[in-house]
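One structure below.
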Amino acid sequence: MDRRSVLKLCLSLGAFADPARAALAARALPRRFSGVSAQPWLALAALPTPLEEHPALGRALGVGRLWVKRDDRAGARAGGSKLRKLELLVADAEARGHRAVAAVGGVGSNQTLATAVIARQRGLGSHLYLLAERPSAAVRHHLLAQAALGAKQQLVASEAQAARAIAHLPERPYSIPMGGSSALGNVGFVEAGLELASQLTPHVVYLPLGTGGAAVGLALGLRAAGLDVEVVGVRTSSYATGPRLAKMARETSALLHRLDSTFPRDPGRLRLRVRDRFVGRGYAEPTAAGQRALTLAKQHAGLELDLTYTAKALAALAADAAALRDKTVVFWLTYDARRVGSEGASARDLPASLRGYARAVL
């Protein structure tokens, strides 16, 4: 679509009277598949995010041309790539009349923290159901920041226990799935694939694979753009099994086909490859390879990674360097390293089951 057509679409939507609507009208997915514009969608992220070439880091890793997709800059405050899914999920919650949201994740989950931030901005209540993980300074900060944002937090033993607790809440909150990965949440990363296609045609994209929705959506979006690009999801937990990824691909494609019949109903065989051997001892457990990758990113590009997700993804990219020497490679930086304020919150503001994380000597 040329600039004149975009201008015409913006005018038809009354976009100049509403900057958020103008931002949404310029997004790649609704421009290409106009029926998607009927889906409620908030402009929470500053998109498109920059795509930067980092030759010094590429040389240090031993790859050809290395580009970094700076989703760490997606939010005015915080959230990184999490905002892409929350734009759709929170919009859906508000459209359905919910006054609170509920999310599930680890005690150090970036998803639950981003949910608490956006809920506070939108005037929504937030209920966070948190799974145990290794104590760390980041976990302590997440819990205190979420308390400062007014989120109600509870330690749970499983996703199923969280679902039962959410079902009994009198507020009847809108339930956000683990990692925001659902047919609707994944649409945010279908948009991301089309966004990347407008910036560059790489050979391969590396990103962390947690719950899997980002990798699935990205692969669908790149294919919808007509590009033959391999997406490499670097496993950071055991959550996203092959059948679960395939199911999400089918459900995401079906949703987009319902919104716009020109979007393919059948996802077919996506160019999505999963790298398995970089998890280490488990979710949120740092690895030596991840620590080396984190150090290289800081030294050669000034990039801040986290040891749970992005460092493991960059470690996989480094391990694959011999096969990438003649390739154009994109590393998707999902992590926003900026700290959300926790001023005024202390361990006393947490439920008893979580206070140990805040008091731990780290």
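Each value in this text was obtained by applying a stated rule to the coordinates, not by laboratory testing. Here the structure is a predicted model, which means the values were calculated and not measured. With ideal geometry, Cβ positions are generated from the backbone for all residues, glycine too; neighbour counts draw on all protein chains shown.
Structure above, values below:
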{"item": "Extension reserve of the Ala322-Glu343 stretch, reckoned as 0.36 nm per residue once the Cα distance is removed", "result": "2.9 nm"}
{"item": "At least 15 Å along the helix axis (C-alpha) and Kyte average at least 0.0, DSSP helices within the chain", "result": "82-95, 137-148, 183-197, 213-224"}
{"item": "Cα centre as origin, Lys/Arg/Asp/Glu Cβ charges: the chain dipole, Debye", "result": "160"}
{"item": "Under 21 Å from the Cα of Lys152 - lysines, other chains or at least 8 residues apart", "result": "Lys82"}
{"item": "The chain, relative contact order [Cα under 8 Å, separation at least 6], %", "result": "22"}
{"item": "Cα-centre dipole for region 72-126 with unit charges at Cβ (Lys and Arg positive, Asp and Glu negative), debye to 20", "result": "80"}
{"item": "Sorted peptide list for 82-92, 147-157, criterion being average Cβ within 10 angstrom, highest first", "result": "82-92, 147-157"}
{"item": "Cβ-based charge dipole, the chain, positive-most Cα from Leu354, Leu47, Tyr206", "result": "Leu354"}
{"item": "For the chain: span of alpha carbons on each principal axis (Å, largest first)", "result": "56, 49, 37"}
{"item": "All-pairs Cα distance distribution in region 77-190, expressed in whole percent, bin size 10 Å", "result": "15, 51, 31, 2"}
{"item": "Partners for Lys298 among lysines (Cα-Cα distance below 18 Å; same-chain residues under 8 apart left out)", "result": "Lys69, Lys312"}
{"item": "Inter-label distance, nm, simple model (7 Å from Cα along the C-beta direction), Ala352/Ala163", "result": "2.9"}
{"item": "Surrounding net charge for Arg325, when Lys and Arg each add one and Asp and Glu each subtract one, Cβ distance under 15 Å", "result": "+1"}
{"item": "Approximate spin-label separation Thr287-Asp266, in nm, with each point projected 7 Å along Cα-to-Cβ", "result": "3.6"}
{"item": "222 nm mean residue ellipticity, helices alone, for the chain (DSSP H n ≥ 4; -39,500 (n - 2.57); rounded to 500)", "result": "-13000 deg cm²/dmol"}
{"item": "Separation of alpha-carbon centers, region 56-111 and region 280-301, rounded to whole Å", "result": "19"}
{"item": "Protection proxy ranking, peptides 312-318, 301-307, average beta carbon neighbours within 10 Å, highest first", "result": "312-318, 301-307"}
{"item": "Relative packing of peptides 21-28, 132-139, 200-207, 265-272 - highest average C-beta neighbours within 10 Å first", "result": "200-207, 21-28, 132-139, 265-272"}
